[in-house]
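A.B. asks: One structure follows; several queries about it will come next.
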Amino acid sequence: MNENSILEMRNIDKVFPGVRALSGVDFTLRKGEIHALMGENGAGKSTLIKVLTGVYPKDNGEIRMAGHDKPVNIKSPEDAQNIGISTVYQEITLCSNLSVAENIFIGREKSFFTNWKMRNKRAGEILKSLDIPASPTQQLGTCSIAVQQMVAIARAVDMECKILILDEPTSSLDEQEVAKLFKLMRELKQRGVGIIFVTHFLDQVYEVCDRITVLRDGKLVGEYEIKDLPRLMLVSKMLGKELDDMSSIKSDNGGYTGEDKDKILFEAENLSSVEAVNPFDFHIKKGEVNGFTGLLGSGRSESVRAIFGADRVLSGKLKKDGKDIKITKPIDAMKNKIAYLPEDRKEDGIIGDLSVRENIILALQVLEGFFHPFSRAKAEEFADEYIKLLEIKTASTDTPVKSLSGGNQQKVILARWLLTHPDYLILDEPTRGIDVGTKVEIQKLVLKLASEGMGVTFISSETDEMLRTCSRLIVMRDRHVVGELTGEDLNQHKIMSTIAEGEGEK
Amino acid sequence: MKKRILAVLMALVMVLCVAGCGGGGAAKKGNGLIKVGIINNDPNESGYRTANDKDLKATFCEANGYEASFAYSLKNDEQITYAQKFIQDGVDYLLLSAADTAGWDSVLKDAKDAGIHVILFDRTIDADPSLYDASIVSDMAKEGDTAVNWLKGQGLSEYNVIHIQGVMGSAAQKGRTGALDAQVAADASWNLVTQQTAEWNAEKAQQIVQSVIDSGASFNVIYAENDDMAKGAVAALDKANISHGVGKDVIVMGFDCNKWALQELLSQNWNYDGQCNPFQSSYIDEVIKTIESGSSPAQKTIIMDEKGFDASTITAEDVENYGI
Amino acid sequence: MKTGNIFQKIFRRQIMIPLAAFLLLAIFNLVADPSFYKITLGYNSAGNPVLSGYLITILDYGSELAILAIGMTLVTAASGGQDISVGAAIAISGSMLLRCLCGADTRSENLNMPIICAFLISMVVASLFGAFNGVLVAYFKIQPMVATLILFTAGRSIAAWINNNELPIVNDQSFAIYGGFIPGIPIPMPFFIAVIVMIITWLILKFTNLGLYVQSVGINEKSSRLNGLNPELLKVLTFVLLGVCVSVAALIKTSRLMTINYSVIAKDIEMDAILAVALGGNALSGGKFNIPASILGAYVIQFLTTTLYKFNVSSDALSAYKAVVVILLVVFSSESVRGWIGGLFKKTVAVKAGKEAKS
């Protein structure tokens, strides 16, 4: 084991039924460094962390830690804590109704009796030494999220952790809170703690980290010093497109030839929502396919949700067909012939226990109003029409939608929205988790709809899909719009460089 | 000291009703009024309690030479707090209808030490009889006996009784059931068609009688341990066209003498209603007069006179006087 | 093989649960005492023909429970919780009804206003209390059982307060019809009222989107919102509808005795109503619902109660027997047990088929 290292993971394999989540991954953490673990969704970051913290047993490989002669065998999260590995998760896992001191010490009492005076004094010392602005007797729930986050870290520090894992700690913090957290991280670094930092925010990586390990598809892409890896390189490593072999694929979208071809269908000015999207401007023309791109967590989904009124809108002026409209909740958008296929199919899309038929007619039925239900025959007709059109594979229209495959579920939701005959269709990750054949079908459908005059906003984490379908891309990073690409600029290289370096008005 | 004042103040606030008859804090010697503190159950508990409270208020007022304070609670510990407060106030008599039988020893001892006379009404307690001067109660067993004797006097050749009981284990249920059970055991011509608790609930009584009617069993007496249940039973009879009342197929008996129930007697729909006397105040008044005159009451436990009304003899005056 | 599938399918049908319970009780009574099913035609005190017998009693007394089960099913489906204040709400609604009928004089000989007006007022009052529960559940996100605990605790006192703690008694016989008989028709009126409520419910479900909306909200609230529904409003609506059902049940209950006893009227009926929903095979966690199954469940519970009364089981022991039913219900409605029973049938059929093939 290297002298400087505090942790060495070698050749880690982890197989889930049907998926090879990790294959031969190496990871090294040095004493007193902040190490970013990067990768897109499904790259294996969280699996690697769960192996390290004993949540999953590893299938192969070994883990060595400083101070242990033999490879360590971590069988449970408790084992991990005992040998000095602590984790602070995105969601606070402490008890908000207990005091700060209680939270620092809970579950670690060695004897049944507790000297609270001593405890509070000790907690006070820890808080002070880490410069955390909280009092030991304060109820945790009354502290800001950032402070709660820091208390969680203080708890970890007091357990004499040698390795601290921070899993997306900053996603619910504002900029000042993030700054405070970083100060604390640097302080711990001085004390020799090795920190593994998982985040989607590129700027933060470059602000605070020393080294980066990039994973992709369960494999190690590489380990880099931060100064050796410019942002563009990082993005390309994460997406798995080497800069050279990125062929630009022209979108062949030009189908719509109506007279009102260049008419603006919908536009938004200074739109923002509670989901922390910075105010942005947006428009779409008739027959246009555009898209929001950016890494996961960059705010692309939040932006379209704001358009549809899915999250509480804070500001913004909206126009449809040149007329001012107001959208505060989804039904407003629906009445203005806007449709939205949400990113999370299971949570936000399907009504699992209801039949395919009911799922298909739902949105139109809501638009029709409480007193105008379709007859059974009419509903069957609608369902059959779209089952045929979209080639949905289902035993009958009565089958509960939850028993369909992911791709067919997605088509059911698509059918639901097409049935409302929208002018403007928003598709957030319509192709996620479905088979290749269906993906292509959906892309073709999008282009066909646009050629009939519909405006479509298309979001996908697969860039080439977006390049194939969109004629204009809005690039986002860290919840800001950082660029807009059209025409010649629509290529992988340009997208990545915009994601990495584009300047948005901050 | 401060704490004590606070406690007294709080107790004052807790007293729900301070009688309007008295002229304020003047002592007995000053205006010649006898100070009584009355602790009772919540008058909203039942019609019986409402009548009981009304009766007490009518008797213990300034016109009759009393200065009365009232306190209500269904909870024993709150009642004890009130008792302590009355003792501190220096009442002459403490009248008590205890929510629970236990836990009164120490506070009654305090009263005795302070020279306060204690008179229990409606309910007895588990305490040494030397701690109170008199106890004025109903005798539920006697109520049952009176009713059963009345029924015996009807001279039916056969008694087929539907017996609808109150909440099992309550004093009223035990007393009223005991007399009937004894009679049924003693006399072969008395049968229980069914014996069921309806828990003082008219709806349940209706279902029980309905069930007997459905079964086709014959019966000629309904012995319901309160008026509500008798009413439920009668509703079932009406539905099945079974005649009831004076000179009809089924004898209907109830207890408690609600005014509306006595009216049913008056119109001959029911046959009998047993009184559970809520009017203890005249007895209490008498006991107080005896003590004031320097002697002590002849008996410690005074059992009230309780009537049973027969539909064939009841008058409109009875309804007015005894209906609660 | 095919037959086995059919058995499995049958056993997975929701209506099977109350139906099986119903058949079990029916067979038990047939074996124990066939006279249970005897129905006789007689004449009541007004000289009108009436049917009587245990079955008629079940139809009669099961009716208000069936009406409540309809409302409770909707509330359960939309909010994934139950309203435990139903009994107290009946006390309030009944008290209001009698207050309107009798006016200030609790012994008045004449009706103070037409019954229909008094009924409509009591319905409005019950709906408002329903809306109160609904707002607590939908907008303040309080667990339904906890939210309705408020009215459960306070309801009977409110009912007493409406009539200044007096017990009003209705003397006009036209009010007795709703819990008794219509002259000339030998079937109890409560059953007809229940049928009317069922028909109205059926019409509502057919001519509005209530069913689709409520189920969507109950299954996936987030997704329903994104489809333009207003989950909060729909939840309040179901509580209001339950309030309407409550007022109908209160009409029947007060009409039966022509008076009201605030502390005991419709005591524990909420538990029976919830049990009816569960017996109907509806998930108490909300989502899909089946109203006919709930209605059948309600009558099955009355069937059980009547059976127990017939066998002279002490009425304070009734709840213990109902508890046994709940236990059986929980076991038999679980997917795995039903699948297992279906599988068992399949096996027997297969074995039989095998034997036949051999011979």
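A.B. asks: Out of all the residues in the range A:251-270, which are within 32 Å of the chain's Cα centre (by Cα) and at pLDDT 85 or above?
C.D. replies: If the condition is that a residue be within 32 Å of the chain's Cα centre (by Cα) and at pLDDT 85 or above, then A:ILE264, A:LEU265, A:PHE266, A:GLU267, A:ALA268, A:GLU269, A:ASN270 are the ones that fit.
A.B. asks: Determine which member of the set A:ILE284, A:ILE325 is in contact with a Leu (Cβ under 6 Å, 6 or more places away or on another chain) and free of Cβ contacts under 8 Å to residues at least 12 places away in the same chain.
C.D. replies: Within the list A:ILE284, A:ILE325, the selection yields A:ILE325.
A.B. asks: Looking at the range C:179-196, which of its residues are surrounded by fewer than 21 Cβ atoms within 10 Å (Cβ to Cβ) and either closer than 30 Å to C:ASN227 by Cα or under 18 Å from the mean Cα position of the chain (by Cα) (or both)? Break it down into steps so the answer makes sense when it comes.
C.D. replies: Residues of the range C:179-196 surrounded by fewer than 21 Cβ atoms within 10 Å (Cβ to Cβ): C:182-187, C:189, C:191-192, C:195-196.
Matches in the range C:179-196: C:MET189, C:PHE191, C:PHE192, C:VAL195, C:ILE196.
A.B. asks: Just one of (1) at pLDDT below 90; (2) on the phi < 0 side of the Ramachandran plot trips up B:ASP181, so point out which.
C.D. replies: Of everything listed in (1) at pLDDT below 90; (2) on the phi < 0 side of the Ramachandran plot, B:ASP181 misses just condition (1).
A.B. asks: Condition check: assigned by TED's automatic domain parsing to the domain that holds A:LEU490 and in contact with a Ser or Thr (Cβ under 8 Å, 6 or more places away or on another chain). Does A:GLU347 satisfy that?
C.D. replies: Values: assigned by TED's automatic domain parsing to the domain that holds A:LEU490: no; in contact with a Ser or Thr (Cβ under 8 Å, 6 or more places away or on another chain): yes.
It is false that A:GLU347 is assigned by TED's automatic domain parsing to the domain that holds A:LEU490 and in contact with a Ser or Thr (Cβ under 8 Å, 6 or more places away or on another chain).
A.B. asks: Here's another thing I want to ask about it. B:THR177: within 14 Å of another protein chain (Cβ to nearest Cβ), of a type outside the set (Lys, Arg), surrounded by fewer than 23 Cβ atoms within 10 Å (Cβ to Cβ) and more than 22 Å from C:ASP268 (Cβ to Cβ), yes or no?
C.D. replies: So B:THR177 fits the description; yes.
A.B. asks: Looking only at the range C:27-54, filter to residues that are polar (S, T, N, Q), outside any strand (DSSP E or B) and within 11 Å of chain B (Cβ to nearest Cβ); which one of those is farthest from B:VAL209 (Cα to Cα)?
C.D. replies: Here the answer is C:ASN48.
A.B. asks: Considering the range A:395-420 alone, what residues qualify as being away from chain C (no Cβ under 13 Å), touching a residue at least 60 places away in the same chain (Cβ under 8 Å) and in contact with a Lys or Arg (Cβ under 8 Å, 6 or more places away or on another chain)?
C.D. replies: Of everything in the range A:395-420, those that are away from chain C (no Cβ under 13 Å), touching a residue at least 60 places away in the same chain (Cβ under 8 Å) and in contact with a Lys or Arg (Cβ under 8 Å, 6 or more places away or on another chain) turn out to be A:GLY406, A:GLN410.
A.B. asks: Any residue in the range C:207-224 that is buried (at least 18 other Cβ atoms within 10 Å of the Cβ) and among the charged types (D, E, K, R)?
C.D. replies: Restricting attention to the range C:207-224, the residues satisfying the condition of being buried (at least 18 other Cβ atoms within 10 Å of the Cβ) are C:209-221, C:223-224.
After this cut, where a residue has to be among the charged types (D, E, K, R) as well, the list is C:221.
Yes, the range C:207-224 has at least one match.
A.B. asks: Could you grab the pairs with beta carbons closer than 6 Å, sequence gap of 6+ or different chains, first residue in the range C:256-268 and more than 8 Å from chain B (Cβ to nearest Cβ), second one charged (D, E, K, R)?
C.D. replies: Listed pairs, sorted by first residue: C:TYR262/C:ARG156; C:SER263/C:ARG156.
A.B. asks: Ok, one more. Taking the criterion of being out of contact with any helix residue (DSSP H, G or I) (no Cβ under 9 Å at 6 or more places or on another chain), in a helix (DSSP H, G or I), touching a residue at least 40 places away in the same chain (Cβ under 8 Å) and surrounded by fewer than 23 Cβ atoms within 10 Å (Cβ to Cβ), would at least one residue in the range A:486-494 satisfy it?
C.D. replies: No, there is no match, as no residue in the range A:486-494 is out of contact with any helix residue (DSSP H, G or I) (no Cβ under 9 Å at 6 or more places or on another chain), in a helix (DSSP H, G or I), touching a residue at least 40 places away in the same chain (Cβ under 8 Å) and surrounded by fewer than 23 Cβ atoms within 10 Å (Cβ to Cβ).
A.B. asks: Could you please find all residues in the range B:127-163 being assigned to a helix (DSSP H, G or I) and small (Gly, Ala, Ser)?
C.D. replies: B:SER130, B:ALA141, B:GLY144, B:ALA147
A.B. asks: Out of all the residues in the range A:318-340, which are within 11 Å of another protein chain (Cβ to nearest Cβ), under 24 Å from C:ALA78 (Cα atoms) and surrounded by fewer than 24 Cβ atoms within 10 Å (Cβ to Cβ)?
C.D. replies: A:LYS329, A:ILE331, A:ASP332
A.B. asks: When the residues of the range A:281-317 are filtered to those that are more than 14 Å from chain C (Cβ to nearest Cβ) and on the phi > 0 side of the Ramachandran plot, which remaining residue is modelled with the lowest pLDDT?
C.D. replies: Residue satisfying both the conditions and the ranking: A:GLY297.
A.B. asks: Based on what the data block shows, is C:ILE252 part of a helix (DSSP H, G or I) and crowded, with 22+ Cβ neighbours inside 10 Å?
C.D. replies: It is true that C:ILE252 is part of a helix (DSSP H, G or I) and crowded, with 22+ Cβ neighbours inside 10 Å.
A.B. asks: Working only within the range A:369-385, note down all residues that are more than 8 Å from every other protein chain (Cβ to nearest Cβ) and under 21 Å from A:LYS335 (Cα atoms).
C.D. replies: Within the range A:369-385, A:PHE374, A:ALA379, A:PHE382 meet the criteria.
A.B. asks: Being in contact with a Phe, Trp or Tyr (Cβ under 7 Å, 6 or more places away or on another chain) and touching a residue at least 40 places away in the same chain (Cβ under 8 Å) is the filter; apply it to the range B:181-219 and report the residue that is nearest to the other protein chains (Cβ to nearest Cβ).
C.D. replies: B:ILE208
A.B. asks: Continuing with this model, one more query. Exactly one condition in (1) in contact with a Cys (Cβ under 7 Å, 6 or more places away or on another chain); (2) surrounded by fewer than 17 Cβ atoms within 10 Å (Cβ to Cβ); (3) not β-branched (Val, Ile, Thr) is false for B:ASP256; which is it?
C.D. replies: For B:ASP256, the failing item is (2).
A.B. asks: Turning to a different aspect of this structure: B:GLN275 passes all but one of (1) within 14 Å of chain C (Cβ to nearest Cβ); (2) within 25 Å of B:GLN183 (Cα to Cα); which number fails?
C.D. replies: Of the numbered conditions (1) within 14 Å of chain C (Cβ to nearest Cβ); (2) within 25 Å of B:GLN183 (Cα to Cα), the odd one out for B:GLN275 is (1).
A.B. asks: Additional query: Which helices (runs of 4 or more DSSP H) sit wholly inside the range C:72-169 and have at least 3 residues that are over 24 Å from C:ILE291 (Cα atoms) and of a type in the set (Asp, Glu)?
C.D. replies: So the answer is none; nothing clears 3.
A.B. asks: Let me ask you something else. In the range B:233-266, which residue that is within 11 Å of another protein chain (Cβ to nearest Cβ) and among the β-branched types (Val, Ile, Thr) is nearest to B:THR197 (Cα to Cα)? Write out each step before concluding.
C.D. replies: First, pick out the residues of the range B:233-266 that are within 11 Å of another protein chain (Cβ to nearest Cβ): B:233-244, B:248, B:258-261, B:263-264.
Adding the requirement that they be among the β-branched types (Val, Ile, Thr) leaves B:234, B:242.
Numbers: B:VAL234: 16, B:ILE242: 22 Å.
Restricting to residues being within 11 Å of another protein chain (Cβ to nearest Cβ) and among the β-branched types (Val, Ile, Thr), the top hit is B:VAL234.
A.B. asks: Could you check how many residues of the range A:341-357 are within 10 Å of chain C (Cβ to nearest Cβ), assigned to a helix (DSSP H, G or I) and crowded, with 24+ Cβ neighbours inside 10 Å?
C.D. replies: Qualifying residue count, the range A:341-357: 1.
A.B. asks: Would it be correct to say that A:ILE360 is farther than 23 Å from A:GLY502 by Cα, within 12 Å of chain C (Cβ to nearest Cβ), part of a helix (DSSP H, G or I) and touching a residue at least 40 places away in the same chain (Cβ under 8 Å)?
C.D. replies: So A:ILE360 fits the description; yes.
A.B. asks: Going through the range A:212-225 one residue at a time, which ones are assigned to a strand (DSSP E or B) and under 20 Å from A:GLY24 (Cα atoms)?
C.D. replies: First, the residues of the range A:212-225 that are assigned to a strand (DSSP E or B): A:212-216, A:219-225.
Hits for the range A:212-225 are A:ILE212, A:THR213, A:VAL214, A:LEU215, A:ARG216, A:LYS219, A:LEU220, A:VAL221, A:GLY222, A:GLU223, A:TYR224.
A.B. asks: Okay, moving on. Which residue pairs have Cβ atoms closer than 9 Å, lie 6 or more positions apart in sequence or on different chains, and pair a first residue in the range A:337-357 that is without any contact (Cβ under 8 Å) to a residue 60 or more places away in the chain and of a type in the set (A, V, I, L, M) with a second residue that is surrounded by fewer than 24 Cβ atoms within 10 Å (Cβ to Cβ) and assigned to a strand (DSSP E or B)?
C.D. replies: From the range A:337-357, the pairs are A:LEU354/A:PRO400; A:VAL356/A:PRO400.
A.B. asks: Assess whether B:ALA230 counts as being closer than 22 Å to C:LEU55 by Cα and within 14 Å of chain C (Cβ to nearest Cβ).
C.D. replies: no
A.B. asks: Same structure again: Please find, within the range C:298-321, the residue that is farthest from the other protein chains (Cβ to nearest Cβ) out of those that are among the small types (Gly, Ala, Ser) and under 15 Å from B:GLN195 (Cβ atoms).
C.D. replies: The extreme case among them is C:ALA317.
A.B. asks: Here's a check for you: in the range B:143-171, which residue that is touching a residue at least 40 places away in the same chain (Cβ under 8 Å) and surrounded by fewer than 16 Cβ atoms within 10 Å (Cβ to Cβ) is nearest to B:SER218 (Cα to Cα)?
C.D. replies: Looking at the filtered set, the residue picked out is B:GLU158.
The values are calculated or read from the model by the stated rules, or taken from the named source; none is laboratory data. Owing to the predicted nature of the structure, the values given are computational and were not obtained by experimental measurement. For neighbour counting, all protein chains shown are included, and Cβ atoms are generated from backbone atoms with ideal geometry for every residue, glycine included.
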